[in-house]
Amino acid sequence: MTGMKNHSENKVSKKRGVKTLLMMGVIIFSLILSSATVFADDDDPDDEPNDLPPTITELTPHTQESSAARPPEAHSSAAPSSTEPEEEEEEEEHGSQRSRTQENQSQTPIVGKLTIKTQPKDLNLTYGQTTGNALVVEATAGVAPDAMSYQWYEEGKAISGATKSTYIIPADRGVTSNPLHYHCVVRVGENSVETREALVSIDRRVATLQIKGSLVYNGKNQTPTIVVGNLVGGDSCEVTASASGDHKDASKSYTVTATALSNPSYVLPSNPTLEYTISKKTINLVWSPNPCTFPYTGSPQAPTAATSGFAAEDAGKVQINISVPGEHKEAGKYTATATLTGPAAGNYEVSDPTQDFTITGAPAPVDKSTLNTVINTANKYCESIKSSYGDIAATLMKAIEAAKSVYNRSDATAQEVTNAVSALTNAYNTAVNEVDAAAAHAVAAKIALLPNAADVRERDRAKIEAARDAYDALTPAQKDRITAKTLKRLTDAEAALDALDDPKLRIYPAGNEKEYGDGDPVLTYWIEEVGGNGSRIKSTDSRASKYGIKGKLIREDGEDRGSYKTKRESDMDYYERAASLRSDYYTIKIVHDVALTIKPKTLTSSMVTLTPTSQVYTGNSRKVEAVTVRANSTNLVQDTDYVIDNSSVLSAVGSATQDTTYSVYVIGRRNYTGTVTKNWTITKTGGAPAPASSVTPASSVTPASTAQPASTEQPPSTEPEPSTSSEESTAEAAESGHLTSVNTGMPEEAIRKLADSTRLKDVENALVSVIGESELKALRDEGKQPEVQLTTKAMKAVSDNEKKLAESTVGASSSDSLTPAAYLDINLSVETTGTWTAVTQTLKPIEVTIDVPEEFQKITNKFYILRIHQGVASLLFDKDEDPKTITIDSDQFSTYVLMYPGKAGANTPAARNRTTVVIWILVGVVVVALLLILIIFRVRTSRRRRREE
């Protein structure tokens, strides 16, 4: 009884442990589910979890059968109430023996019940396959396995010897066109059971192909022998193959294609084509005479070579050529080399292409007269250049001394004398070339220092004449090294020097201007006498009549805003002429400079018409139906000649009790400038239009007028008011309701770095773009030094319209969303006369570069710049390839927004912080779960030890 009671207590303890583990599992599952919810909420608050772990428990067939065989008492004792532990222990103590007896009875096997537990499976085999080719059946009958017998059948016929539970399909079983049917009959005594029919298909085996041996050129087409591999056992298989076209030349690649196999149990591989080459044929030469010795004759001599190794098809297509270095006519030892030439020579190679031979006998007297002549010529030239070109002369003298040593030797061979002549001739020619080049370079340098023809004065006469003397002193070969351009500079300077006594005039355009659309004024100019005191007389001055200048100055074609230079008519002579401008007494030179500047036309109120100018209140949003801008009796083109800012009336509603007036801004572009404000009114029901100042919506922002670049004739007269910091101005505006605060999620320090790094890429180009080339030159001629400056501030607040434009901008396609990263206020100002003037529009675009801080680089490597100027948004693309900088071209300066592709907040520091928090929560959950499991394990171990004690 005591043993049974201890056993019951142990079972109760186990059940309590199971309950504890189940409770801990529920706790851990809840924690994991909470973590998953945190992830889902962090990624998208609108997403809901749609999958939960399955909780269905399946009973195995063995468990179901055991439950069905168990008597009702066992079921009642197996499910005690969890709320009455004392009754459960008592029931366990009294019924434990009965439960074990009933359980033993339910597990007793049933003898004689023959069933198939595992059916044979269908097989898809390849001919010769030795793995995975077994049919297996497993049967149960409650008897020993050796008491059962098996018989396998193929297509209904018993297979001899196939009497085991596993049948191996023979590797050499032939290929079948249709699947074979296999089944097995299992017997126990008089009882038998038949398995399902298993389908077994045997496909053809893929053969491998390999070229056997190698081919050597024989003058005929050759196809290699192909060996079939991957065969089974003692199988044999022949292959049929073919090669197309000529395939006989050596050192080329050919292909042979297998087309059929003799054994039907095999199939060709997917690529039955093999590549092969034909090697060159090696031939041996027979040299004559043998031995190769010749008596001296005074003429070149060499052995001959022959071979019988050429293919008959190559008769006349291969020749053997013999070559020997030098003249090989004097007594001595030489080496002959044989080479093959001809159309078929590439198919052969010579095993030993060289042969030594000897010429015997006394040599003829060596002629040294040519060497003597060359030595004398070189020596004379060396003396002539020694004082001017010492280094070149020293090098030449070394070659002369070497040639003299050969000349003075009595045993010098003819070949040595020939080599000495060649070496000294080369050294002499090199010295001549170096001297000619140095002399020509010196004269060219003198000519390059001469003044331009237009600037020649009497004081330059000595330099010009010295350059001419130096040129005339050159040899013809040295003169050939002077380029035509250099020589023309000398002749032009000489012509200008000769003409100094002739009166000449220079004509300078006088900086004429007109407004776009107006006719050209008469182009005035300055007149200066060449060689005079430098004073100028304007063409409108009465004193200019003495020069007898006729005609008019002509400018380059074009009517758009910008600068136009004088028009060149002809380059026939040195002087540049302008069309129809001439003098009967003077030679005229027109300076090619700006002759006319066309300024943009300023828009006026009379040029702009709204249709209609008012509408009656209806309670629905209204808008301006049409805007017409006319200049010089012509309708201007919207978005080309002007843009419209009607952001304040896009959703205008008005009021039923009072008139509401909205502002529409027409802003000039390209050839037009200035801003015209027109009023559009929604009148109260039955009312008349109110004056323009009656109501101005708080959300509308009047665009700044376009500031014109400073010029010499219209310098800025006042200095701009000191501007407050971006933080102060934006905060104040946000409080008053005019602007909306913005927060892109980026650190303020990173945005400040972005603003501080904004700069002009080319200050000089910026000055030209703001002021104009001719105006800038005129200011500098007057001794002034204009300056341009770019200032950038980070913006914490922008207008509602600017924010709306930024947040609705897309990228290269309409599906690409862009997100603001930083708002910047970029201002351009210019100083020409001591005061700084703000410039919002330039004559030409200016390059601006911005450094991308590391905080922004972590988001993406691709940024855009959105420019919002006077209510118009333009997307500017990065010009450079450097991900650390952004370079743009812009001719308008106001609000700029740094944009990046993607969803707002993605990959920003805030998003990364949220991800970090989620990760730490998950780590904490895992740690808590591990600690709980460890505690449970410790408790259970402690209980087990107490029970054992």
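The values are calculated or read from the model by the stated rules, or taken from the named source; none is laboratory data. For clarity, every value in this text was computed on a predicted model and none was experimentally measured. Virtual Cβ from ideal backbone geometry, glycine too; neighbours counted across all protein chains shown. Note: accessible area is taken over every heavy atom of the protein model, side chains too, but ligands, DNA and RNA are not part of it. Shrake-Rupley method; radii C 1.70, N 1.55, O 1.52, S 1.80 Å.
Figures for the structure shown
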| read-out | value |
| --- | --- |
| Selection within the range 777-805 - assigned to a strand (DSSP E or B) and among the small types (Gly, Ala, Ser) | 794, 797 |
| Failed item in (1) at pLDDT 75 or above; (2) farther than 30 Å from residue 638 by Cα; (3) in a loop (DSSP other than H, G, I, E, B), with residue 546 passing the rest | (3) |
| Which numbered condition residue 774 fails, given (1) modelled with pLDDT under 85; (2) surrounded by 22 or more Cβ atoms within 10 Å (Cβ to Cβ); (3) outside any helix (DSSP H, G or I); (4) not charged (D, E, K, R) | (3) |
| Unique match (being part of a loop (DSSP other than H, G, I, E, B), out of contact with any Cys (no Cβ under 7 Å at 6 or more places or on another chain) and modelled with pLDDT of 85 or more) among 889, 882 | 882 |
| Test: residue 519 is modelled with pLDDT of 80 or more, part of a loop (DSSP other than H, G, I, E, B) and in contact with a Phe, Trp or Tyr (Cβ under 6 Å, 6 or more places away or on another chain) | no |
| Residues of the range 155-168 satisfying the condition of being farther than 18 Å from residue 129 by Cα and surrounded by 14 or more Cβ atoms within 10 Å (Cβ to Cβ) | 159, 162, 164, 165 |
| Pairs where the first residue, in the range 663-677, is within 13 Å of residue 892 (Cα to Cα) and the second is part of a strand (DSSP E or B) and among the aliphatic types (A, V, I, L, M), C-beta under 8 Å, 6+ apart | 667/643; 667/644; 667/872; 669/643 |
| Unique residue being open to solvent by 60 Å² or more (accessible area, probe 1.4 Å), part of a strand (DSSP E or B) and of a type in the set (Ser, Thr, Tyr) when the list is 257, 297, 337, 277 | 277 |
| Pair list, Cβ under 6 Å, 6 or more apart: the range 445-461 residue farther than 22 Å from residue 528 by Cβ and at pLDDT below 85, other residue charged (D, E, K, R) and open to solvent by 80 Å² or more (accessible area, probe 1.4 Å) | none |
| Residue 315 being touching a helix residue (DSSP H, G or I) at 6+ places or on another chain (Cβ under 6 Å) and more than 25 Å from residue 296 (Cα to Cα) | no |
| Hits in the range 190-212 (condition: over 49 Å from the mean Cα position of the chain (by Cα) and free of Cβ contacts under 8 Å to residues at least 40 places away in the same chain) | 190, 194, 197 |
| Elements of type strands (runs of 3 or more DSSP E) contained in the range 169-232, each with 1 or more residues being out of contact with any strand residue (DSSP E or B) (no Cβ under 6 Å at 6 or more places or on another chain) and crowded, with 16+ Cβ neighbours inside 10 Å | 180-188 |
| Index of the failed condition, residue 263 passing every other in (1) more than 30 Å from residue 177 (Cα to Cα); (2) assigned to a loop (DSSP other than H, G, I, E, B) | (1) |
| Flag for residue 440 being aliphatic (A, V, I, L, M) and free of Cβ contacts under 8 Å to residues at least 24 places away in the same chain | no |
| Residue within the range 810-830 that is over 14 Å from residue 896 (Cβ atoms) and in a helix (DSSP H, G or I) present | no |
| Test: residue in the range 533-546 that is surrounded by 12 or more Cβ atoms within 10 Å (Cβ to Cβ), among the aliphatic types (A, V, I, L, M), touching a residue at least 40 places away in the same chain (Cβ under 8 Å) and in contact with a strand residue (DSSP E or B) (Cβ under 7 Å, 6 or more places away or on another chain) | no |
| Residue list for the range 233-254, filter: more than 28 Å from residue 311 (Cα to Cα), surrounded by 14 or more Cβ atoms within 10 Å (Cβ to Cβ) and modelled with pLDDT under 90 | 235 |
| Residues of the range 836-869 that turn out to be open to solvent by less than 20 Å² (accessible area, probe 1.4 Å) and assigned to a loop (DSSP other than H, G, I, E, B), as a count | 3 |
| Residue list for the range 380-427, filter: outside any helix (DSSP H, G or I) and either farther than 21 Å from residue 332 by Cα or open to solvent by 50 Å² or more (accessible area, probe 1.4 Å) (or both) | 386, 387, 388, 389, 408, 409, 410, 411, 413 |
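The rows are residues; the columns are (1) over 24 Å from residue 800 (Cβ atoms); (2) modelled with pLDDT under 80; (3) in a strand (DSSP E or B).
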site: 606; (1), (2), (3): yes, no, no
site: 610; (1), (2), (3): no, no, yes
site: 619; (1), (2), (3): no, yes, no
site: 648; (1), (2), (3): no, yes, no
site: 654; (1), (2), (3): no, yes, no
